[in-house]
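Only the coordinates and a few stated rules stand behind these numbers; no lab work does. Keep in mind that this is a model prediction, so the values were computed, not measured. Every residue, glycine as well, gets a Cβ built from its backbone with ideal geometry; the counts of neighbours run over all protein chains shown.
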Amino acid sequence: MILNYIEIPILMTTMNIKKTLVGLFLMIGLALPLFAQIETGKAIQITISGVPSDEKGRIDGMYPVSDAGFINMPFIDTVRAAGLRNEDLAIALQSRYKSLGIYTNPTIQVISNRGNSIDEQTVFLGGQVRAPGPKAFTKGLTLYQAIQAAGGATEFGSMKRVKLFRGGRQIVYDLSKSQFMNVPVQPNDTIEVPQKGLLGN
């Protein structure tokens, strides 16, 4: 009979340990995303508020993190993302937009999914296009087609000085001339439509 009294507390203690361990694992699982860092080769979703609605449409979207750890953001070029937590990148982007005088009081949210690999290859469109950001790359995609995929140039954009960035090099094309409209693009290219100059070029 004495054994029965001893076994009950031991059994209860074992159950308590199991419950404690389960609770601990759940807490760790919930806390991991808070400390997770953005990785290269992944895509992150960025949304902005506190700006005009047409500007919001230019920023909101999925952004690929390059092998070098950077993302290309409209108006502010490349920003380091890899190794940062989501909230740290959001703060860095907000500060950059404010310090450059682009937005007065933006609120940015960064969402990443550790399993969200960039399965599709992309090219990035920036500058004076109607929908800047990453666009899907397809075989045979041309410079002109990529710009059209971003909604085309705005009324302020110059198609005569389109910049193509690839592997650290920059080439300028005059897309008002038909021979340059069919220039092929490659995955991870960055294309920028600059603002027109005083003479409209």
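Things to note:
- Shape category assigned to the range 72-201 from the gyration tensor of Cα positions, a/c cut at 1.5: oblate
- Net lengthening on full extension, Arg169/Leu198 (0.36 nm per residue, minus Cα-Cα): 7.8 nm
- Overall size of the range 122-193 from C-alpha positions, given as principal axis extents largest first: 27, 24, 22 Å.
- In nm, spacing of pseudo-spin labels at Thr47 and Thr107 (7 Å Cα→C-beta vector): 1.1
- Under 15 Å, Cβ to Cβ, from Leu198 - net charge with Lys/Arg +1 and Asp/Glu -1: +3
- One quarter of the convex hull surface built on the alpha carbon atoms of the range 42-117 amounts to 4.6 nm², the projected area averaged over directions.
- Phi angles of the range 48-55 translate, via the Karplus equation with coefficients 6.51, -1.76, 1.60 and θ = phi - 60°, into HN-Hα couplings of 10, 9, x, 10, x, 4, 5, 6 Hz per residue; Gly and Pro are given as x.
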